[in-house]
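The values are calculated or read from the model by the stated rules, or taken from the named source; none is laboratory data. Just so it is clear, the structure is predicted and the values come from calculations on it, not from any experiment. Positions of Cβ are backbone-derived with ideal geometry, glycine not excepted, and every protein chain shown enters the neighbour counts.
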Amino acid sequence: MKWELIAEDEAAPMIHPVAYLYVSANKLEKIVGTNGTTSIGPFESKKFRYGLVVEAYTRFSRIVLKKFEEPGFLDTVKKQSIKTAEELRNYVLSLEEILPPSSNEEIVQIYRKLFDLWTDMNAWGHVVNCLDFHHNMLTNRILAFLKEKFKEPLEVFSILTNPLMLTPTSQQDVDFLHLLKKIQENEELKKLFQKGVESILAELPKFEELNELLEKHAREYNWIYYHYSGPTILDKKYFVATLKDAVNSVDAQSEIEKIEERNNKIREQQKKYVERLDEKEKYWIEVAKSAVYLKAMRKDIVFFASRYSDILFKEIATRLGISKWDARFLTIDEIEEAFRKGKIDEKLIKQRESFSIWIVGKNGIRVLSGEDAKEFKDRNIVRERVQQVEELKGTPASVGKVKGIVKLIRSVDDIKKMEDGDILVSPATNPNLMPAIKKAAAIVTDEGGLTCHAAIVSREFGIPCIVGTKVATKALKDGDEVEVDADKGIVKILSSK
(Lines give C-alpha, C1' and ligand atoms only; values in the text may rest on other atoms or scores of the structure.)
Protein backbone atom coordinates (compact mmCIF):
# COMPACT_ATOMS: atom_id res chain seq x y z
CA MET A 1 0.00 0.00 0.00
CA LYS A 2 1.03 3.58 -0.66
CA TRP A 3 -0.04 6.27 1.77
CA GLU A 4 -0.49 9.90 0.81
CA LEU A 5 0.05 12.61 3.41
CA ILE A 6 -3.02 14.82 3.21
CA ALA A 7 -3.15 16.91 6.40
CA GLU A 8 -0.99 18.07 9.27
CA ASP A 9 -1.30 19.37 12.81
CA GLU A 10 1.29 20.85 15.11
CA ALA A 11 0.74 18.22 17.79
CA ALA A 12 2.46 15.47 19.71
CA PRO A 13 1.10 12.04 18.70
CA MET A 14 -0.77 11.04 21.87
CA ILE A 15 -3.68 11.48 22.54
CA HIS A 16 -5.69 13.20 19.83
CA PRO A 17 -3.80 12.46 16.56
CA VAL A 18 -3.34 8.75 17.25
CA ALA A 19 -6.88 8.47 18.63
CA TYR A 20 -8.15 9.94 15.36
CA LEU A 21 -6.16 7.42 13.30
CA TYR A 22 -7.30 4.57 15.54
CA VAL A 23 -10.98 4.94 14.65
CA SER A 24 -10.48 4.22 10.94
CA ALA A 25 -9.59 0.56 11.46
CA ASN A 26 -11.38 -0.10 14.75
CA LYS A 27 -14.45 2.01 15.47
CA LEU A 28 -16.51 2.50 12.32
CA GLU A 29 -18.13 -0.85 11.58
CA LYS A 30 -20.95 -0.34 14.09
CA ILE A 31 -21.63 3.12 12.65
CA VAL A 32 -21.52 2.62 8.87
CA GLY A 33 -21.25 -1.16 8.45
CA THR A 34 -17.56 -1.37 7.59
CA ASN A 35 -14.23 -0.16 8.92
CA GLY A 36 -11.71 1.94 7.06
CA THR A 37 -8.08 0.89 6.67
CA THR A 38 -4.83 1.15 8.57
CA SER A 39 -3.69 4.77 8.82
CA ILE A 40 -0.26 6.26 9.41
CA GLY A 41 1.00 9.42 11.05
CA PRO A 42 4.56 10.55 10.45
CA PHE A 43 5.84 12.94 13.10
CA GLU A 44 8.67 15.35 12.28
CA SER A 45 9.66 18.86 13.31
CA LYS A 46 6.78 19.17 15.82
CA LYS A 47 4.26 18.29 13.12
CA PHE A 48 2.01 15.24 12.99
CA ARG A 49 0.84 14.40 9.48
CA TYR A 50 -2.12 12.21 8.59
CA GLY A 51 -1.54 9.57 5.92
CA LEU A 52 -4.28 7.72 4.04
CA VAL A 53 -4.51 5.26 1.20
CA VAL A 54 -6.52 7.73 -0.87
CA GLU A 55 -8.34 5.18 -3.04
CA ALA A 56 -9.52 3.23 0.02
CA TYR A 57 -10.48 6.42 1.85
CA THR A 58 -12.49 7.62 -1.16
CA ARG A 59 -14.32 4.28 -1.38
CA PHE A 60 -15.11 4.47 2.33
CA SER A 61 -16.32 8.06 1.98
CA ARG A 62 -18.79 6.96 -0.71
CA ILE A 63 -20.17 4.40 1.75
CA VAL A 64 -20.53 7.14 4.38
CA LEU A 65 -22.32 9.47 1.95
CA LYS A 66 -24.67 6.62 0.98
CA LYS A 67 -25.34 5.95 4.67
CA PHE A 68 -26.67 9.50 5.02
CA GLU A 69 -29.44 8.58 2.59
CA GLU A 70 -30.93 6.28 5.25
CA PRO A 71 -33.80 7.81 7.28
CA GLY A 72 -32.70 8.86 10.74
CA PHE A 73 -28.94 8.52 10.19
CA LEU A 74 -28.30 12.28 10.22
CA ASP A 75 -30.18 12.60 13.53
CA THR A 76 -28.10 9.74 14.96
CA VAL A 77 -24.85 11.40 13.86
CA LYS A 78 -25.86 14.72 15.44
CA LYS A 79 -27.01 13.09 18.67
CA GLN A 80 -23.94 10.86 19.06
CA SER A 81 -21.47 13.58 18.05
CA ILE A 82 -22.77 15.87 20.78
CA LYS A 83 -23.12 13.04 23.31
CA THR A 84 -19.55 11.71 22.88
CA ALA A 85 -18.11 15.23 22.91
CA GLU A 86 -19.94 15.96 26.17
CA GLU A 87 -18.74 12.68 27.72
CA LEU A 88 -15.13 13.53 26.86
CA ARG A 89 -15.56 17.08 28.16
CA ASN A 90 -16.98 15.91 31.48
CA TYR A 91 -14.28 13.28 31.98
CA VAL A 92 -11.33 15.60 31.34
CA LEU A 93 -12.86 18.12 33.73
CA SER A 94 -12.95 15.39 36.38
CA LEU A 95 -9.19 14.79 36.06
CA GLU A 96 -8.46 17.66 38.45
CA GLU A 97 -10.44 15.80 41.10
CA ILE A 98 -9.32 12.19 40.49
CA LEU A 99 -5.60 12.93 40.02
CA PRO A 100 -3.22 11.99 41.44
CA PRO A 101 -4.43 8.50 42.41
CA SER A 102 -2.51 6.28 44.80
CA SER A 103 -1.18 3.72 42.30
CA ASN A 104 0.41 3.55 38.87
CA GLU A 105 -2.19 0.96 37.87
CA GLU A 106 -4.94 3.52 38.43
CA ILE A 107 -3.07 6.01 36.22
CA VAL A 108 -3.03 3.47 33.40
CA GLN A 109 -6.76 2.79 33.80
CA ILE A 110 -7.51 6.53 33.71
CA TYR A 111 -5.44 6.84 30.53
CA ARG A 112 -7.25 3.90 28.88
CA LYS A 113 -10.62 5.41 29.78
CA LEU A 114 -9.54 8.77 28.37
CA PHE A 115 -8.26 7.20 25.13
CA ASP A 116 -11.56 5.33 24.71
CA LEU A 117 -13.52 8.57 25.06
CA TRP A 118 -11.25 10.33 22.55
CA THR A 119 -11.78 7.53 20.02
CA ASP A 120 -15.55 7.48 20.57
CA MET A 121 -15.75 11.19 19.81
CA ASN A 122 -13.35 10.96 16.87
CA ALA A 123 -15.29 8.06 15.34
CA TRP A 124 -18.33 10.29 14.84
CA GLY A 125 -16.05 13.17 13.85
CA HIS A 126 -14.47 11.00 11.16
CA VAL A 127 -17.90 10.15 9.75
CA VAL A 128 -18.66 13.86 9.42
CA ASN A 129 -15.24 14.63 7.92
CA CYS A 130 -15.63 11.86 5.33
CA LEU A 131 -18.54 13.74 3.76
CA ASP A 132 -16.29 16.34 2.18
CA PHE A 133 -12.63 16.16 3.19
CA HIS A 134 -10.11 15.78 0.36
CA HIS A 135 -12.73 14.89 -2.29
CA ASN A 136 -15.58 17.44 -1.84
CA MET A 137 -18.27 14.82 -2.50
CA LEU A 138 -20.94 16.57 -0.43
CA THR A 139 -20.03 20.02 -1.76
CA ASN A 140 -20.18 18.80 -5.36
CA ARG A 141 -23.56 17.11 -4.79
CA ILE A 142 -25.05 20.33 -3.38
CA LEU A 143 -23.48 22.70 -5.92
CA ALA A 144 -24.86 20.54 -8.73
CA PHE A 145 -28.47 21.39 -7.82
CA LEU A 146 -27.75 24.93 -6.64
CA LYS A 147 -26.20 25.79 -10.04
CA GLU A 148 -29.49 24.85 -11.69
CA LYS A 149 -31.54 27.22 -9.50
CA PHE A 150 -29.31 30.15 -8.55
CA LYS A 151 -27.02 32.55 -10.41
CA GLU A 152 -24.56 32.67 -7.48
CA PRO A 153 -24.47 29.08 -6.19
CA LEU A 154 -21.38 29.58 -3.98
CA GLU A 155 -22.95 32.52 -2.17
CA VAL A 156 -26.21 30.60 -1.74
CA PHE A 157 -24.27 27.58 -0.46
CA SER A 158 -22.52 29.67 2.20
CA ILE A 159 -25.80 31.20 3.37
CA LEU A 160 -27.84 27.99 3.40
CA THR A 161 -25.17 25.99 5.27
CA ASN A 162 -24.67 28.56 8.02
CA PRO A 163 -25.94 26.77 11.15
CA LEU A 164 -26.45 30.00 13.13
CA MET A 165 -25.49 28.05 16.24
CA LEU A 166 -22.62 29.27 18.38
CA THR A 167 -19.69 26.96 19.00
CA PRO A 168 -17.79 27.54 22.28
CA THR A 169 -15.19 29.70 20.50
CA SER A 170 -17.88 31.85 18.87
CA GLN A 171 -19.72 32.10 22.19
CA GLN A 172 -16.52 33.42 23.77
CA ASP A 173 -16.46 36.27 21.24
CA VAL A 174 -20.05 37.22 22.09
CA ASP A 175 -19.52 36.93 25.85
CA PHE A 176 -16.38 39.07 25.55
CA LEU A 177 -18.35 41.82 23.78
CA HIS A 178 -20.95 41.82 26.56
CA LEU A 179 -18.17 42.21 29.16
CA LEU A 180 -16.74 45.08 27.11
CA LYS A 181 -20.17 46.70 26.85
CA LYS A 182 -20.59 46.54 30.63
CA ILE A 183 -17.28 48.40 31.04
CA GLN A 184 -18.05 51.01 28.38
CA GLU A 185 -21.45 51.83 29.94
CA ASN A 186 -19.93 52.58 33.35
CA GLU A 187 -17.76 55.70 33.64
CA GLU A 188 -15.97 54.42 36.74
CA LEU A 189 -15.08 51.16 35.00
CA LYS A 190 -13.99 53.00 31.86
CA LYS A 191 -11.56 55.04 33.95
CA LEU A 192 -10.29 51.87 35.65
CA PHE A 193 -9.52 50.26 32.28
CA GLN A 194 -7.38 53.24 31.27
CA LYS A 195 -4.86 52.17 33.92
CA GLY A 196 -2.17 49.53 33.72
CA VAL A 197 -3.14 45.86 33.79
CA GLU A 198 -1.71 45.25 37.28
CA SER A 199 -3.60 48.24 38.68
CA ILE A 200 -6.83 47.01 37.08
CA LEU A 201 -6.38 43.56 38.63
CA ALA A 202 -5.69 45.09 42.03
CA GLU A 203 -8.81 47.27 41.98
CA LEU A 204 -11.24 44.86 40.28
CA PRO A 205 -12.44 43.21 43.53
CA LYS A 206 -14.13 46.53 44.35
CA PHE A 207 -16.40 45.94 41.35
CA GLU A 208 -17.82 42.65 42.52
CA GLU A 209 -20.16 41.85 39.63
CA LEU A 210 -17.61 42.47 36.86
CA ASN A 211 -14.88 40.71 38.82
CA GLU A 212 -17.03 37.58 39.17
CA LEU A 213 -17.99 37.67 35.50
CA LEU A 214 -14.33 37.97 34.49
CA GLU A 215 -13.29 35.07 36.70
CA LYS A 216 -16.10 32.96 35.25
CA HIS A 217 -15.08 33.96 31.70
CA ALA A 218 -11.47 32.95 32.36
CA ARG A 219 -12.55 29.58 33.81
CA GLU A 220 -14.80 28.80 30.85
CA TYR A 221 -12.48 29.93 28.06
CA ASN A 222 -8.91 29.44 29.33
CA TRP A 223 -8.40 26.74 26.65
CA ILE A 224 -9.26 28.60 23.43
CA TYR A 225 -5.61 29.04 22.36
CA TYR A 226 -4.29 25.81 23.86
CA HIS A 227 -4.39 23.88 20.56
CA TYR A 228 -3.28 20.21 20.87
CA SER A 229 -0.18 20.23 23.04
CA GLY A 230 -0.15 23.63 24.73
CA PRO A 231 1.28 25.25 26.66
CA THR A 232 -0.96 28.35 26.35
CA ILE A 233 -3.59 28.48 29.09
CA LEU A 234 -5.30 31.85 29.32
CA ASP A 235 -6.03 33.48 32.67
CA LYS A 236 -7.94 36.43 34.09
CA LYS A 237 -4.95 38.72 33.45
CA TYR A 238 -5.02 37.89 29.72
CA PHE A 239 -8.70 38.79 29.38
CA VAL A 240 -8.24 41.98 31.43
CA ALA A 241 -5.41 43.04 29.09
CA THR A 242 -7.54 42.25 26.02
CA LEU A 243 -10.47 44.23 27.39
CA LYS A 244 -8.16 47.14 28.20
CA ASP A 245 -6.93 47.19 24.57
CA ALA A 246 -10.53 47.11 23.28
CA VAL A 247 -12.12 49.73 25.55
CA ASN A 248 -11.15 52.66 23.33
CA SER A 249 -10.98 50.87 19.97
CA VAL A 250 -14.06 48.62 19.79
CA ASP A 251 -17.68 49.76 20.09
CA ALA A 252 -19.15 46.72 21.86
CA GLN A 253 -22.81 47.69 21.38
CA SER A 254 -22.24 48.30 17.67
CA GLU A 255 -20.48 44.94 17.24
CA ILE A 256 -23.26 43.09 19.09
CA GLU A 257 -25.84 44.76 16.86
CA LYS A 258 -23.84 43.82 13.74
CA ILE A 259 -23.84 40.16 14.80
CA GLU A 260 -27.58 40.22 15.44
CA GLU A 261 -28.29 42.06 12.16
CA ARG A 262 -26.09 39.63 10.22
CA ASN A 263 -27.81 36.60 11.74
CA ASN A 264 -31.27 38.03 11.11
CA LYS A 265 -30.32 38.74 7.49
CA ILE A 266 -29.01 35.20 7.03
CA ARG A 267 -32.20 33.74 8.52
CA GLU A 268 -34.29 35.74 6.06
CA GLN A 269 -32.06 34.73 3.14
CA GLN A 270 -32.17 31.08 4.19
CA LYS A 271 -35.97 31.19 4.31
CA LYS A 272 -36.11 32.73 0.82
CA TYR A 273 -33.64 30.27 -0.74
CA VAL A 274 -35.12 27.17 0.91
CA GLU A 275 -38.49 27.90 -0.71
CA ARG A 276 -36.89 27.15 -4.10
CA LEU A 277 -35.63 23.70 -3.06
CA ASP A 278 -37.40 20.35 -3.10
CA GLU A 279 -37.46 18.06 -0.05
CA LYS A 280 -34.44 16.02 -1.09
CA GLU A 281 -32.38 19.16 -1.73
CA LYS A 282 -33.45 20.60 1.62
CA TYR A 283 -32.22 17.42 3.30
CA TRP A 284 -28.72 17.63 1.80
CA ILE A 285 -28.50 21.29 2.82
CA GLU A 286 -29.36 20.18 6.37
CA VAL A 287 -26.58 17.55 6.17
CA ALA A 288 -24.06 20.21 5.15
CA LYS A 289 -25.31 22.69 7.76
CA SER A 290 -24.98 20.03 10.45
CA ALA A 291 -21.48 19.14 9.22
CA VAL A 292 -20.39 22.78 9.47
CA TYR A 293 -21.55 23.01 13.08
CA LEU A 294 -20.36 19.57 14.21
CA LYS A 295 -16.87 20.04 12.75
CA ALA A 296 -16.46 23.40 14.48
CA MET A 297 -17.90 22.05 17.74
CA ARG A 298 -15.61 19.02 17.64
CA LYS A 299 -12.52 21.17 17.05
CA ASP A 300 -13.38 23.24 20.12
CA ILE A 301 -13.85 20.11 22.24
CA VAL A 302 -10.51 18.75 20.99
CA PHE A 303 -8.72 21.89 22.21
CA PHE A 304 -10.67 21.89 25.46
CA ALA A 305 -9.95 18.21 26.13
CA SER A 306 -6.29 18.62 25.12
CA ARG A 307 -5.88 21.39 27.69
CA TYR A 308 -7.30 19.26 30.52
CA SER A 309 -5.64 16.02 29.38
CA ASP A 310 -2.44 17.92 30.12
CA ILE A 311 -3.15 17.23 33.81
CA LEU A 312 -2.79 13.50 33.19
CA PHE A 313 0.43 13.88 31.19
CA LYS A 314 1.89 16.03 33.94
CA GLU A 315 1.25 13.26 36.47
CA ILE A 316 2.68 10.57 34.18
CA ALA A 317 5.75 12.68 33.43
CA THR A 318 6.37 13.32 37.14
CA ARG A 319 6.23 9.62 37.95
CA LEU A 320 8.56 8.68 35.08
CA GLY A 321 10.96 11.61 35.56
CA ILE A 322 10.45 13.00 32.05
CA SER A 323 8.79 16.08 30.55
CA LYS A 324 5.10 16.34 29.63
CA TRP A 325 6.14 16.63 25.97
CA ASP A 326 8.19 13.42 26.24
CA ALA A 327 5.27 11.60 27.86
CA ARG A 328 3.15 12.22 24.76
CA PHE A 329 5.46 9.99 22.71
CA LEU A 330 4.71 6.85 24.70
CA THR A 331 1.77 4.55 24.04
CA ILE A 332 -0.45 3.44 26.92
CA ASP A 333 1.12 -0.02 26.89
CA GLU A 334 4.62 1.49 27.04
CA ILE A 335 3.67 3.67 29.99
CA GLU A 336 2.27 0.64 31.81
CA GLU A 337 5.50 -1.26 31.13
CA ALA A 338 7.63 1.69 32.27
CA PHE A 339 5.71 1.86 35.56
CA ARG A 340 6.24 -1.86 36.04
CA LYS A 341 9.98 -1.81 35.27
CA GLY A 342 10.64 1.55 36.93
CA LYS A 343 12.62 2.91 33.97
CA ILE A 344 12.12 4.52 30.58
CA ASP A 345 14.10 4.48 27.34
CA GLU A 346 14.72 8.22 26.92
CA LYS A 347 16.87 7.62 23.82
CA LEU A 348 13.86 6.02 22.12
CA ILE A 349 11.67 9.00 23.00
CA LYS A 350 14.19 11.42 21.48
CA GLN A 351 14.32 9.33 18.31
CA ARG A 352 10.55 9.53 18.05
CA GLU A 353 10.60 13.29 18.59
CA SER A 354 13.13 13.65 15.78
CA PHE A 355 11.23 11.49 13.28
CA SER A 356 8.79 8.62 13.72
CA ILE A 357 6.00 6.79 11.92
CA TRP A 358 2.86 5.89 13.87
CA ILE A 359 1.03 2.98 12.25
CA VAL A 360 -2.47 2.47 13.62
CA GLY A 361 -4.58 -0.52 12.58
CA LYS A 362 -6.57 -3.46 13.91
CA ASN A 363 -3.53 -4.75 15.79
CA GLY A 364 -3.15 -1.52 17.73
CA ILE A 365 -0.40 1.09 17.64
CA ARG A 366 3.04 0.39 16.17
CA VAL A 367 5.75 3.05 16.24
CA LEU A 368 8.81 3.14 13.98
CA SER A 369 11.77 5.45 14.57
CA GLY A 370 15.36 5.84 13.37
CA GLU A 371 16.31 3.89 10.24
CA ASP A 372 13.12 1.80 10.39
CA ALA A 373 11.02 4.96 10.05
CA LYS A 374 13.11 6.34 7.19
CA GLU A 375 12.91 3.05 5.30
CA PHE A 376 9.13 2.89 5.76
CA LYS A 377 8.79 6.45 4.48
CA ASP A 378 10.89 5.76 1.37
CA ARG A 379 9.04 2.52 0.62
CA ASN A 380 5.42 3.33 1.49
CA ILE A 381 4.70 7.07 1.41
CA VAL A 382 3.89 8.81 -1.85
CA ARG A 383 6.57 11.38 -2.54
CA GLU A 384 5.34 14.96 -2.67
CA ARG A 385 6.33 16.74 -5.86
CA VAL A 386 5.65 20.43 -6.26
CA GLN A 387 6.71 21.93 -9.56
CA GLN A 388 7.31 25.64 -9.94
CA VAL A 389 4.01 27.18 -10.97
CA GLU A 390 2.65 30.59 -11.84
CA GLU A 391 -0.80 29.94 -10.44
CA LEU A 392 -2.63 27.57 -8.09
CA LYS A 393 -6.17 26.27 -8.29
CA GLY A 394 -8.56 25.37 -5.50
CA THR A 395 -12.18 25.58 -4.41
CA PRO A 396 -13.68 29.08 -4.04
CA ALA A 397 -15.06 29.24 -0.49
CA SER A 398 -15.77 32.96 -0.13
CA VAL A 399 -15.91 35.20 -3.17
CA GLY A 400 -13.76 38.26 -3.89
CA LYS A 401 -10.51 39.31 -5.53
CA VAL A 402 -7.51 40.90 -3.77
CA LYS A 403 -3.75 41.28 -4.04
CA GLY A 404 -1.36 40.98 -1.13
CA ILE A 405 1.80 39.59 0.42
CA VAL A 406 1.91 35.93 1.43
CA LYS A 407 2.45 34.95 5.06
CA LEU A 408 2.69 31.23 5.84
CA ILE A 409 0.79 30.67 9.09
CA ARG A 410 1.16 27.07 10.23
CA SER A 411 0.92 27.60 13.98
CA VAL A 412 0.45 30.18 16.74
CA ASP A 413 4.19 30.92 16.62
CA ASP A 414 3.75 32.30 13.09
CA ILE A 415 1.01 34.79 13.99
CA LYS A 416 3.55 37.50 14.82
CA LYS A 417 4.48 37.64 11.11
CA MET A 418 0.96 38.63 10.08
CA GLU A 419 0.19 42.25 9.20
CA ASP A 420 -3.07 43.87 8.13
CA GLY A 421 -3.79 43.11 4.48
CA ASP A 422 -1.53 40.07 4.17
CA ILE A 423 -2.65 36.86 2.46
CA LEU A 424 -2.86 34.10 5.05
CA VAL A 425 -1.62 30.78 3.62
CA SER A 426 -1.98 27.70 5.83
CA PRO A 427 -2.33 23.92 5.62
CA ALA A 428 -5.71 24.47 7.32
CA THR A 429 -6.95 27.13 9.71
CA ASN A 430 -8.26 26.51 13.22
CA PRO A 431 -9.65 28.68 16.02
CA ASN A 432 -6.30 29.48 17.63
CA LEU A 433 -5.18 31.25 14.43
CA MET A 434 -7.99 33.81 14.75
CA PRO A 435 -5.67 36.75 15.60
CA ALA A 436 -3.99 36.24 12.21
CA ILE A 437 -7.26 35.57 10.37
CA LYS A 438 -8.68 38.89 11.57
CA LYS A 439 -5.78 40.71 9.82
CA ALA A 440 -6.00 38.75 6.56
CA ALA A 441 -7.11 40.23 3.25
CA ALA A 442 -7.67 36.66 2.03
CA ILE A 443 -7.14 33.05 3.08
CA VAL A 444 -5.63 30.23 1.01
CA THR A 445 -5.33 26.67 2.35
CA ASP A 446 -3.93 23.30 1.27
CA GLU A 447 -6.87 21.39 2.70
CA GLY A 448 -10.61 21.63 3.13
CA GLY A 449 -13.86 22.07 1.30
CA LEU A 450 -16.80 24.43 1.60
CA THR A 451 -17.61 23.17 5.10
CA CYS A 452 -14.09 23.59 6.57
CA HIS A 453 -13.05 26.15 9.21
CA ALA A 454 -11.34 28.50 6.74
CA ALA A 455 -14.45 28.56 4.55
CA ILE A 456 -16.71 29.31 7.49
CA VAL A 457 -14.69 32.15 9.03
CA SER A 458 -13.85 33.78 5.69
CA ARG A 459 -17.56 34.03 4.86
CA GLU A 460 -18.21 35.38 8.35
CA PHE A 461 -15.57 38.12 7.88
CA GLY A 462 -16.40 38.74 4.23
CA ILE A 463 -12.90 38.07 2.87
CA PRO A 464 -11.92 36.02 -0.21
CA CYS A 465 -10.95 32.42 0.46
CA ILE A 466 -9.70 29.51 -1.63
CA VAL A 467 -9.44 26.08 -0.01
CA GLY A 468 -8.19 22.67 -1.11
CA THR A 469 -5.25 23.83 -3.26
CA LYS A 470 -3.25 20.89 -1.82
CA VAL A 471 0.11 22.63 -2.43
CA ALA A 472 -0.21 26.30 -1.40
CA THR A 473 2.16 26.04 1.59
CA LYS A 474 4.76 24.34 -0.61
CA ALA A 475 4.42 26.46 -3.76
CA LEU A 476 4.25 29.81 -1.92
CA LYS A 477 6.60 31.40 0.61
CA ASP A 478 6.70 34.43 2.87
CA GLY A 479 7.00 37.65 0.88
CA ASP A 480 5.53 36.41 -2.40
CA GLU A 481 3.03 38.81 -3.93
CA VAL A 482 -0.12 37.07 -5.14
CA GLU A 483 -3.55 37.80 -6.52
CA VAL A 484 -6.32 35.75 -4.94
CA ASP A 485 -9.28 35.44 -7.29
CA ALA A 486 -11.81 33.60 -5.15
CA ASP A 487 -14.52 34.07 -7.80
CA LYS A 488 -12.64 31.58 -9.99
CA GLY A 489 -10.58 29.70 -7.39
CA ILE A 490 -7.22 30.86 -8.75
CA VAL A 491 -4.14 32.19 -6.94
CA LYS A 492 -1.74 33.98 -9.33
CA ILE A 493 1.88 34.51 -8.28
CA LEU A 494 2.75 38.10 -9.27
CA SER A 495 6.28 38.17 -7.87
CA SER A 496 8.36 35.71 -5.86
CA LYS A 497 10.97 36.34 -3.20
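Going by the structure shown, is ALA441 at pLDDT 95 or above and either within 18 Å of the chain's Cα centre (by Cα) or over 20 Å from LYS46 (Cα atoms) (or both)? Yes: the conditions hold for ALA441.
Determine, yes or no, whether LYS417 is more than 25 Å from the chain's Cα centre (by Cα) and either of a type in the set (Lys, Arg) or over 30 Å from GLY36 (Cα atoms) (or both). Answer is no for this residue. Here GLY72 meets each of (1) farther than 16 Å from HIS16 by Cα; (2) touching a residue at least 24 places away in the same chain (Cβ under 8 Å); (3) over 19 Å from the mean Cα position of the chain (by Cα) with one exception, condition (2). For LEU213, the test of being part of a helix (DSSP H, G or I) and either among the aliphatic types (A, V, I, L, M) or more than 26 Å from ILE159 (Cα to Cα) (or both) is passed. Only a single criterion out of (1) out of contact with any Leu (no Cβ under 9 Å at 6 or more places or on another chain); (2) farther than 26 Å from PHE73 by Cα is not satisfied by PRO42, namely (1). Restricting attention to region 455-497, the residues that are surrounded by fewer than 17 Cβ atoms within 10 Å (Cβ to Cβ) and hydroxyl-bearing (Ser, Thr, Tyr) total 2.
Contact map, region 78-103: residues that are in contact (Cβ under 8 Å) with a residue 60 or more places away in the chain paired with residues that are among the polar types (S, T, N, Q) and assigned to a helix (DSSP H, G or I), Cβ distance under 6 Å, separation 6+ or inter-chain. Pairs shown: LYS78/SER290; VAL92/SER309.
Whether any residue in region 54-62 is charged (D, E, K, R) and within 17 Å of ILE357 (Cα to Cα) is what I want to check. Checking region 54-62: not a single residue is charged (D, E, K, R) and within 17 Å of ILE357 (Cα to Cα).
Scanning region 330-344 for residues that are farther than 18 Å from ASP116 by Cβ and surrounded by 12 or more Cβ atoms within 10 Å (Cβ to Cβ) yields GLU337, ALA338, PHE339, ILE344. For first residues located in region 404-423 and on the phi > 0 side of the Ramachandran plot and among the hydroxyl-bearing types (Ser, Thr, Tyr), partners that are surrounded by 17 or more Cβ atoms within 10 Å (Cβ to Cβ) and in a loop (DSSP other than H, G, I, E, B) and lie 6+ apart or on another chain with Cβ distances below 8 Å do not occur. Check whether at least one residue in region 26-35 is among the basic types (Lys, Arg), in contact with a strand residue (DSSP E or B) (Cβ under 9 Å, 6 or more places away or on another chain) and surrounded by 16 or more Cβ atoms within 10 Å (Cβ to Cβ), and report yes or no. Checked region 26-35: no residue is among the basic types (Lys, Arg), in contact with a strand residue (DSSP E or B) (Cβ under 9 Å, 6 or more places away or on another chain) and surrounded by 16 or more Cβ atoms within 10 Å (Cβ to Cβ). Please go through region 81-100 and pick out each residue that is part of a helix (DSSP H, G or I) and of a type in the set (A, V, I, L, M). Result: ILE82, ALA85, LEU88, VAL92, LEU93, LEU95, ILE98. Of all residues in region 272-298, those satisfying the criterion of being of a type in the set (Phe, Trp, Tyr) and either at pLDDT 95 or above or not assigned by TED's automatic domain parsing to the domain that holds PRO71 (or both) are TYR273, TYR283, TRP284. Just so you know, in region 417-447 the residues that are in contact with a Cys (Cβ under 8 Å, 6 or more places away or on another chain) and part of a strand (DSSP E or B) include one that is surrounded by the most Cβ atoms within 10 Å (Cβ to Cβ), and it is ILE443.
The set of residues in region 187-210 that are touching a residue at least 40 places away in the same chain (Cβ under 8 Å), assigned to a helix (DSSP H, G or I) and within 34 Å of the chain's Cα centre (by Cα) comprises VAL197, ILE200.
Against the conditions (1) assigned to a loop (DSSP other than H, G, I, E, B); (2) more than 28 Å from ARG307 (Cβ to Cβ), PRO13 satisfies every one except (2).
Filtering region 348-399 to residues that are within 30 Å of LEU143 (Cα to Cα) and crowded, with 17+ Cβ neighbours inside 10 Å leaves LEU392, GLY394, THR395, PRO396, ALA397, SER398, VAL399. In the set LYS149, LYS78, LYS67, only one residue is of a type in the set (Lys, Arg) and out of contact with any helix residue (DSSP H, G or I) (no Cβ under 6 Å at 6 or more places or on another chain); that residue is LYS149.
So is ALA305 within 22 Å of the chain's Cα centre (by Cα) and modelled with pLDDT under 95 or not? Here the answer is no, as ALA305 does not meet what is asked.
Counting only helices (runs of 4 or more DSSP H) wholly contained in region 277-371, the ones carrying 1 or more residues that are of a type in the set (S, T, N, Q) and closer than 18 Å to MET14 by Cα occupy 279-320, 346-354. Taken over region 147-160, the criterion of being touching a residue at least 60 places away in the same chain (Cβ under 8 Å) and in contact with a Leu (Cβ under 7 Å, 6 or more places away or on another chain) is satisfied by VAL156, PHE157. Screening GLY51 with (1) outside any helix (DSSP H, G or I); (2) among the small types (Gly, Ala, Ser); (3) touching a helix residue (DSSP H, G or I) at 6+ places or on another chain (Cβ under 6 Å) gives one miss only, at (3).
Among the residues of region 216-237, which ones are of a type in the set (Gly, Ala, Ser) and not in a loop (DSSP other than H, G, I, E, B)? Of everything in region 216-237, just one residue is of a type in the set (Gly, Ala, Ser) and not in a loop (DSSP other than H, G, I, E, B), namely ALA218.
Residue-by-condition table, conditions (1) in contact with a Leu (Cβ under 7 Å, 6 or more places away or on another chain); (2) modelled with pLDDT under 95; (3) buried (at least 17 other Cβ atoms within 10 Å of the Cβ); (4) closer than 30 Å to MET14 by Cβ:
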{"position": "ASN162", "(1), (2), (3), (4)": "no, yes, yes, no"}
{"position": "ASP173", "(1), (2), (3), (4)": "no, yes, no, no"}
{"position": "GLU187", "(1), (2), (3), (4)": "no, no, no, no"}
{"position": "VAL197", "(1), (2), (3), (4)": "no, no, no, no"}
{"position": "PHE239", "(1), (2), (3), (4)": "yes, no, yes, no"}
{"position": "LYS244", "(1), (2), (3), (4)": "no, no, yes, no"}
{"position": "ASP251", "(1), (2), (3), (4)": "no, no, no, no"}
{"position": "GLN270", "(1), (2), (3), (4)": "yes, no, yes, no"}
